[in-house]
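For reference, the structure is listed below as structure tokens.
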Amino acid sequence: MLTFETVFGERIGSVFHGWTNKIREINKKYEKPRIKMSRGVRIALLFLRIYLILLVLLLGYKFWTLLT
Amino acid sequence: MFTMDIGSTFFYKYRRFIKTLKIYLLLAGPGLIVMLADNDAGGITTYTVTGAKYGYGLIWFLLLLLPVAYIVQEMTVRLGAVTKRGHAEAIFDAFGSFWGWFSFIDLALVNWLTLITEFIGMTAALAIFHIPPVVTVVIVSVVMMLMVLQGKYWTWEKIAIMFAALNVIYIPAAFLVHPSVGEVLKIGLVPHFPGGFTATLFFFLMANIGTTIAPWMIFFQQSSVVDKGMKEKDIPWGQVDTLIGSAFTVLVAIFLVVVTGTVLYGTEVESAAQAASIMMTTNPWLGTLIAIGLFNAGFLGAICISLASSWAFGEVFGWAHSLNLKIREAPWFYACYLFALVTAGGVVLIPNAPLVLITLFVQVIAVTLLPAALVFLILLLNNEEIMGKYKNTTLQNIAGTAIVVAIIILSTLYGITTLFPEWLT
């Protein structure tokens, strides 16, 4: 089985292992948003998602123009 | 009898004023530091170039930035004092891990890149005095480490205020150039668009807005309020502190515009370091003041930005994260701080490093984080469960939302025009 320990060795592997465990722990701790998902909050978060997707598309386009 | 009454009333008022001043000096800090650090190396460059390009013509616009900066930053004071949490932790808690990780990773990246620009400013400023970049980077890193390692938030804060006070160096600099006060008031205070509303002018307006509110400021002030241990009862003092800081940041910007608007009006200038070099040839005192100011701006910005990142790391990963802790009590917090300093300083020392590209990239990446940070701020400040009686009032919401929408639109356009400058023409 491929683990961090077999790829990077015992010492570095255990550090990576510790980090992934920590991230999993954080994800679990903040799994459910505390804020009440009212209509206003949903709209704001939807706006942010669309905004970020558009920005990523623009960055991608810039990268494409630089390559070509 | 009557004279005695006046005397005792005056004495009572004087005693009251001194007492109020003492309390303010005790509680002052986060607002003053964040606002003066707002005039960082990038900010100083923007104001320098604005003055050289448009003279006193955009001073009225800088005045408009005072309420903008105050209204946004004041919300972080209330949020920090009520929740006792930094902005990174507050986003994780309120909006879940997806938005939490997005904000945190984006903040870490944009802060690190901005830190590089602060080092660029500092090394360029001291290069005017023939100090090699490597010496600047090493000395700055050592001083910044010593500042945090003494183990007391209070001491760090007072040292930082001392550096922040040096930011007002542009005020005496303005007196050195003997501007015509009548002209400054006549041209500067009447709202108008010098040379008409052109694409270039619009770019300058966007750049000035972009330097007024940066993502790190929101994270820094909230974490700073928490680390200082401010409570709900201290909110009015935090608000006064932020207001005084906002006034100073705008004042410094105006005086710098007056300096470059008087001396360099009509000269093609690309950076504050270049402006200082030009001034050194005509007026060495002035050039020296501008160079010292640029170095100090970069230094102040670097202090706040590296701390904002370390606090955010501590909050998210649950490590001890306070300037009140010794290095053995919060090793990861100080390791993050050192890592950010050493790596950002190291990048500046790499021969032929793409520093101009990094500076442009900062503006683009900041645009991805700023709207999210501002929207989360407004949403959190409207949550009664989190904020209780300190939530936004209707008036605060109208002002806050209008400003946030305007900042999002202008900073996005700024980021896009940085990416595609050809679209501007």
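The values are calculated or read from the model by the stated rules, or taken from the named source; none is laboratory data. Computed from a prediction, not measured in an experiment: that's the story for all the values here. All Cβ positions, even for glycine, are placed from backbone atoms using ideal geometry, and neighbour counts span all protein chains on display.
Within region B:128-154, if we keep just the residues that are more than 20 Å from the chain's Cα centre (by Cα) and among the polar types (S, T, N, Q), the residue that is surrounded by the most Cβ atoms within 10 Å (Cβ to Cβ) turns out to be B:THR136.
Test B:ILE409 against the stated conditions and say whether it is under 24 Å from B:GLY43 (Cα atoms) and free of Cβ contacts under 8 Å to residues at least 24 places away in the same chain. So B:ILE409 fits the description; yes.
Given the condition part of a helix (DSSP H, G or I), within 14 Å of chain A (Cβ to nearest Cβ) and at pLDDT below 90, answer yes or no: does some residue in region B:341-356 qualify?
Residues of region B:341-356 that are part of a helix (DSSP H, G or I), as a first pass: B:341-349, B:355-356.
Filter again for within 14 Å of chain A (Cβ to nearest Cβ), leaving none.
No, every residue in region B:341-356 fails to be part of a helix (DSSP H, G or I), within 14 Å of chain A (Cβ to nearest Cβ) and at pLDDT below 90.
Among the conditions (1) within 14 Å of chain A (Cβ to nearest Cβ); (2) of a type in the set (A, V, I, L, M, F, W, C); (3) within 18 Å of the chain's Cα centre (by Cα), the only one that B:VAL72 does not satisfy is (1).
Whenever a residue of region B:288-303 is in a helix (DSSP H, G or I), its partners that are aromatic (Phe, Trp, Tyr), lying with C-beta atoms within less than 6 angstrom and at least six residues away or across chains, give the pairs B:GLY293/B:TYR170; B:LEU300/B:PHE163. Selection of region B:363-382 for residues being aliphatic (A, V, I, L, M) and facing another protein chain (nearest Cβ under 9 Å) yields B:VAL364, B:VAL367, B:ALA372, B:VAL375, B:ILE378, B:LEU379, B:LEU380.
In region A:23-37, is there at least one residue being touching a residue at least 12 places away in the same chain (Cβ under 8 Å), more than 16 Å from B:PHE376 (Cα to Cα) and either in contact with a Pro (Cβ under 8 Å, 6 or more places away or on another chain) or polar (S, T, N, Q) (or both)? No. Taking the criterion of being of a type in the set (Ser, Thr, Tyr), within 20 Å of B:VAL367 (Cα to Cα) and within 14 Å of chain A (Cβ to nearest Cβ), would at least one residue in region B:29-49 satisfy it? No, there is no match, as no residue in region B:29-49 is of a type in the set (Ser, Thr, Tyr), within 20 Å of B:VAL367 (Cα to Cα) and within 14 Å of chain A (Cβ to nearest Cβ). Going by what's in this entry, would B:ASP241 be described as surrounded by fewer than 23 Cβ atoms within 10 Å (Cβ to Cβ), touching a residue at least 40 places away in the same chain (Cβ under 8 Å) and within 20 Å of B:HIS87 (Cα to Cα)? In short, no. Restricting region A:8-58 to residues that are small (Gly, Ala, Ser) and surrounded by 13 or more Cβ atoms within 10 Å (Cβ to Cβ) leaves a set whose member that is nearest to the other protein chains (Cβ to nearest Cβ) is A:ALA44. The residue of region B:381-402 that is farthest from A:ALA44 (Cα to Cα), among those that are of a type outside the set (D, E, K, R) and in a loop (DSSP other than H, G, I, E, B), is B:THR393.
For (1) touching a strand residue (DSSP E or B) at 6+ places or on another chain (Cβ under 6 Å); (2) surrounded by fewer than 24 Cβ atoms within 10 Å (Cβ to Cβ); (3) of a type outside the set (Val, Ile, Thr); (4) within 14 Å of chain A (Cβ to nearest Cβ), each residue gets a yes or a no:
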site	(1), (2), (3), (4)
B:PHE61	no, yes, yes, no
B:LEU65	no, yes, yes, no
B:PHE92	no, no, yes, yes
B:GLY96	no, yes, yes, yes
B:LEU107	no, no, yes, no
B:ASN111	no, no, yes, no
B:THR117	no, no, no, no
B:ILE120	no, no, no, no
B:LEU126	no, yes, yes, no
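The set of residues in region A:33-62 that are more than 20 Å from B:LEU380 (Cα to Cα) and basic (Lys, Arg) contains only A:LYS62. For region B:309-330, indicate whether the set of residues that are within 19 Å of the chain's Cα centre (by Cα), within 14 Å of another protein chain (Cβ to nearest Cβ) and not in a loop (DSSP other than H, G, I, E, B) is non-empty. Within region B:309-330 (the criterion being within 19 Å of the chain's Cα centre (by Cα), within 14 Å of another protein chain (Cβ to nearest Cβ) and not in a loop (DSSP other than H, G, I, E, B)), the answer is yes, since at least one residue qualifies. Within region B:144-189, the set of residues being more than 11 Å from B:THR262 (Cβ to Cβ), touching a residue at least 60 places away in the same chain (Cβ under 8 Å) and part of a loop (DSSP other than H, G, I, E, B) comprises B:GLY151, B:LYS152, B:LEU189.
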